[in-house]
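Written out below as structure tokens is the structure these notes cover.
The values are calculated or read from the model by the stated rules, or taken from the named source; none is laboratory data. Remember, it's a predicted structure, so these values are computed and weren't measured experimentally. Methodologically, a virtual Cβ is constructed for each residue, glycine included, from the backbone with ideal geometry; neighbour enumeration extends over all protein chains shown. Note: accessible area is taken over every heavy atom of the protein model, side chains too, but ligands, DNA and RNA are not part of it. Shrake-Rupley method; radii C 1.70, N 1.55, O 1.52, S 1.80 Å.
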Amino acid sequence: MGEFSLNPTDQAILKLLDEGRCTPSYISQETEYSRGNIQNRLLRLVEHGYVKQLGGGLYELVEDPR
């Protein structure tokens, strides 16, 4: 999979997911990032096994890479 570098968007996502399950819309509302940006980064975090998509747009933290 290669090395995965966390960017500021990832840090914001992980901070919120560390508090509990979230949707991209909720994360976008709680941060300065667009829903599209959040969605793209969530997909990368899922791809690397740090986050799991539960269905219905809900995500949870599996392994914190910070």
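Counting protein heavy atoms only, the chain has 42 percent of its accessible area on carbon and sulfur, 1.4 angstrom probe.
May I ask you to derive the relative contact order of the chain, considering only C-alpha pairs under 8 Å and at least 6 residues apart, and to give it as an integer percent?
This gives 36 percent for the chain.
Each label point was placed 7 Å from the Cα along the Cα-to-Cβ direction; for Q11 and S25 their separation is 2.9 nm. Counting only Cα atoms, the chain measures 30, 23, 20 Å along its principal axes, largest extent leading. Spin-label model, N40/V62: points 7 Å from Cα along the beta carbon direction are separated by 2.3 nm.
Accessible surface calculations at 1.4 Å, restricted to protein heavy atoms, place the chain at 60 Å² per residue. Based on DSSP H segments of at least four residues, each scored -39500 (n - 2.57), the chain has a per-residue ellipticity at 222 nm of -14500 deg cm²/dmol.
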